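**Q** Input: one structure, supplied below.
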Amino acid sequence: MLGSLSLLWLAAMTTSLVSQSQILTLEDYQEGEEDDVTVATPSLAVRCDYDRCRHLQVSCQELQKVGPVACLCPGLSREDQQPEPPRLGEVQIMAEEGYAVVHWCAPFSPVSHYWLLLWESNGAPQKSTPLNATVRRAELKGLKPGVAYVLCVVAANDAGESNVPGAEVEGPENWTGPSFGPCRKFIMPPKPVTLVYAAVGVGTALALLSCAALVWHFCLRERWGCPRRQGMAQASEAL
């Protein structure tokens with residue numbers, strides 16, 4: 001009898017515990033695993049704010065050092081190779097002031113400095129002072145009106161300097177290099193003030209010639225008379 005009561009008491013306690021407990025299903029188990037596991041999403045790399053045609057542009061390697069996150073740089077050639085030629089942009093001519101402004105883009109090569117080569121007539125090229133690797137703009141002063149020039153931009157590093165197409169040609173008149181590259185030919189136009197003076201001079205000369213022609217015509221007419229009028233007068237007298 002005592003054993004039966006004990007069994008009944010154990011059965012009642014087991015039923016009470018089972019009713020109070022929470023039954024875990026397979027879905028609950030999977031949700032628990034998802035809560036415990038944290039998925040790390042890798043951050044996407046962005047390009048560095050580097051423009052190879054921007055004036056005073058620092059190197060892309062410097063941008064990688066100072067940036068808050070790692071950025072990507074364009075591919076460059078090796079440092080033990082001579083740099084590729086830069087690309088010379090449009091030459092802006094200031095005829096009235098007598099100078100020109102040039103822009104260029106850096107090559108995809110390590111560059112330590114630049115310099116400019118300027119040919120005038122048949123003489124040797126004039127070489128500028130070295131320009132910093134961040135420079136992309138320069139002014140050419142002292143240009144002569146009506147003169148043809150050939151301008152080239154050269155990039156240099158420890159391995160050498162970039163090639164200059166048509167460097168063996170003497171004078172801008174014989175230069176036939178490509179228009180898209182490190183060199184360009186341009187002609188400095190006359191100053192606008194010079195054109196005004198020339199126009200005034202030509203107009204004055206034409207006015208003087210016209211006056212001289214009229215004076216000469218009337219002087220001859222007064223001196224020798226008009227043959228046509230004399231003939232008409234004689235014909236009227238005969239009638």
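**Q** Does any residue of segment 210-230 turn out to be under 30 Å from Ala148 (Cβ atoms), modelled with pLDDT of 60 or more, surrounded by 10 or more Cβ atoms within 10 Å (Cβ to Cβ) and more than 41 Å from the chain's Cα centre (by Cα)?
**A** Filtering segment 210-230 for residues under 30 Å from Ala148 (Cβ atoms) gives none.
Scanning segment 210-230 turns up no residue that is under 30 Å from Ala148 (Cβ atoms), modelled with pLDDT of 60 or more, surrounded by 10 or more Cβ atoms within 10 Å (Cβ to Cβ) and more than 41 Å from the chain's Cα centre (by Cα).
**Q** If I ask for residues that are in contact with a Ser or Thr (Cβ under 7 Å, 6 or more places away or on another chain) and loosely packed, with under 15 Cβ neighbours inside 10 Å, which ones from segment 44-57 would you list?
**A** Quick first cut of segment 44-57, residues in contact with a Ser or Thr (Cβ under 7 Å, 6 or more places away or on another chain) only: 56-57.
If the condition is that a residue be in contact with a Ser or Thr (Cβ under 7 Å, 6 or more places away or on another chain) and loosely packed, with under 15 Cβ neighbours inside 10 Å, then Leu56 is the only one that fits.
**Q** Can you tell which of Gly146, Gly160, Gly123, Gly98 is closer than 25 Å to Glu62 by Cβ and either touching a residue at least 40 places away in the same chain (Cβ under 8 Å) or out of contact with any strand residue (DSSP E or B) (no Cβ under 7 Å at 6 or more places or on another chain) (or both)?
**A** On the way: Gly146 fails: closer than 25 Å to Glu62 by Cβ; Gly123 fails: closer than 25 Å to Glu62 by Cβ; Gly98 fails: closer than 25 Å to Glu62 by Cβ.
Just a single option satisfies the conditions, and that option is Gly160.
The values are calculated or read from the model by the stated rules, or taken from the named source; none is laboratory data. All values reported here derive from a predicted model rather than from experimental measurement. A quick note on method: Cβ atoms are made from the backbone with ideal geometry, for glycine too, and the neighbour counts reach across all protein chains shown.
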